[in-house]
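Structure first, commentary second.
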Amino acid sequence: MRDRLPSPGAVAAAVLLGAALVVTLFPFVYMVSLSLSSDVEVQRFPPPLIPAQARWSNFARVWQAVPLPRYLLNSLVVATAIACSTTLLGSMAGYAFAKLRFPFRDSLFWVVVGVSMMIPFFVRMIPLYIMESKLGWLNTYHGYIVPWLMNGYSVFLSRQAIKPIPGDFIDAARIDGASETLIYRRVILPLARPALVTVFLFTFVFQWNEVFWPLIVTDSIDMRTLPLGLLLFRKEYDFEWNLIAAGAFILFLPILALFLCSQRFFLKGMMHSGLKG
């Protein structure tokens, strides 16, 4: 019995998926290649895709050239604090907008989400900088963190995840005498956990890679985050691309570990929040 040949549509879809995979992975593969290249190879044009000899010493050079542990600590403190606060405050607001009844609830929800998501950060940047300067918050952790404590995206995603939770669960808890705080802790948080993990991951990754706001609120070498610290490899007329790529690879490793540890919740969160791929 002859095997059926794949349809032209299936072949076209496979080709497109293969092309998309190559386009997606090529920057990462090139970053790894650059991180292992010598100083001479990265100055060639066009640069070689595969270095003649892998220079693992580039990672040691990055570690010795900049205060990498301090930058990793700064990035970890800032990204973790903002991701935790965004997830907690966003889920509390999402619970209120999804399950509690109060006047103008839906209108207020769209105002909060719209103002937060539609007004670009660049519009708020200068007033925020002036306020932090007058408060003496420049070059501090709270100067990094406070402007990002909550955003409309976390409120929106939390509300979408909490809304389908049956109201009978909440009513039963209220009949048993549970307060709203206890209902939030014992009923809402466990059932909305996948979506909240997604909010935490998105926020953590965004803040881990953020460069612009840390560049504005700090001029201290010790208070730089890791992405900002990589700018120290910029020379007067060129860049040390191999060391920057090695630093970027180090920057990528915690994100990879975090995703691998939480991918089960992340995929569930994407499916239950209406963001199916």
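Some values worked out for this structure:
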| item | result |
| --- | --- |
| Failed condition for residue 182, given (1) modelled with pLDDT under 90; (2) surrounded by fewer than 18 Cβ atoms within 10 Å (Cβ to Cβ); (3) more than 23 Å from the chain's Cα centre (by Cα) | (1) |
| Residue check for residue 16: in a helix (DSSP H, G or I), under 24 Å from the mean Cα position of the chain (by Cα) and surrounded by fewer than 13 Cβ atoms within 10 Å (Cβ to Cβ) | no |
| When residues of region 185-219 are limited to those that are open to solvent by 30 Å² or more (accessible area, probe 1.4 Å) and among the charged types (D, E, K, R), the one farthest from residue 167 (Cα to Cα) | 219 |
| Residues of region 76-124 that turn out to be open to solvent by less than 80 Å² (accessible area, probe 1.4 Å), of a type outside the set (A, V, I, L, M) and free of Cβ contacts under 8 Å to residues at least 12 places away in the same chain, as a count | 5 |
| Elements of type helices (runs of 4 or more DSSP H) contained in region 197-273, each with 3 or more residues being among the aromatic types (Phe, Trp, Tyr) and at pLDDT below 90 | 241-272 |
| Filtered residue count, region 133-157, keeping only those that are assigned to a helix (DSSP H, G or I) and among the polar types (S, T, N, Q) | 2 |
| Failed criterion for residue 65 (all others in (1) modelled with pLDDT of 90 or more; (2) surrounded by 14 or more Cβ atoms within 10 Å (Cβ to Cβ) hold) | (1) |
| Inter-residue pairs, beta-carbon under 7 Å, first β-branched (Val, Ile, Thr) and in region 6-32, second open to solvent by less than 80 Å² (accessible area, probe 1.4 Å), 6+ apart | 32/249 |
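The values are calculated or read from the model by the stated rules, or taken from the named source; none is laboratory data. Remember, predicted model here, so these are calculated numbers, not experimental data. Methodologically, a virtual Cβ is constructed for each residue, glycine included, from the backbone with ideal geometry; neighbour enumeration extends over all protein chains shown. Heads up: the accessible areas ignore ligands, DNA and RNA and are worked out on the full protein's heavy atoms, side chains in. Shrake-Rupley method; radii C 1.70, N 1.55, O 1.52, S 1.80 Å.
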